[in-house]
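Everything below concerns the one structure shown next.
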Amino acid sequence: MRFIGHEITVSLPSGFALEKKPPVPESFQWQGMRHIVEDLLATWHRYGKPELRTHGGRPPYYVRSGRTQGSWGQGRVYYRIRTEGGRLFDLYYDRAPKGQRRAGAWFLWRELSAEEESVGLDEFT
C-alpha cells in the first residue's frame, strides 16, 4: 500500500446532480497522466465531523443524524477502483467546500497492490 494524498481532477459521467454523493469518476488526472476507471470495486462513506466529540451521554441530534445521512459540506465518499492498466486505487470526494467553491474536492488517497484488493473493506462495509 502506498499513501498518495494528492488532490486530483476527475471526469464524471454527464448529468449527475448530487454533490453529496457523486458517481464514481470515469477517469482522473495524476502525475500528468489520464487514468481511466475500468471497475468500481467498492464504495463507502464517512459522514459527520470527526472533531465533534461528546464527553459522556448521547451526542446532540444533529451530530447523530450527520453520521448516517451526512450534512452539507461534511464527510467523505470513498471509491476503490481498478484502472485500465490494472492498478488499484482508493479515491475520495471530500464534501467540504473549498474557498468560494460550493463543491468539495477529489483526492487520490492511496494505491494498493493486487493482494491488497480487499484490505480495509470490512472496516467500512
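Some notes on this structure:
- Residue list for the stretch 7-44, restricted to those being surrounded by fewer than 11 Cβ atoms within 10 Å (Cβ to Cβ) and closer than 20 Å to Gly75 by Cβ: Phe16, Ala17, Leu18
- Of all residues in the stretch 104-118 being under 17 Å from Val77 (Cα atoms) and among the aliphatic types (A, V, I, L, M), the one that is modelled with the highest pLDDT: Leu108
- Any pair with Cβ under 7 angstrom, 6 or more apart, that starts in the stretch 93-117 at a residue that is within 20 Å of Ile81 (Cβ to Cβ) and of a type in the set (Asp, Glu) and ends at one that is in a loop (DSSP other than H, G, I, E, B) and modelled with pLDDT under 90: Asp94/Gly104; Glu116/Met1
The values are calculated or read from the model by the stated rules, or taken from the named source; none is laboratory data. Since this is a predicted model, take the numbers as computed values, not measurements. Heads up, the Cβs are rebuilt from the backbone with ideal geometry, glycines too, and the neighbour counts pull from every protein chain shown.
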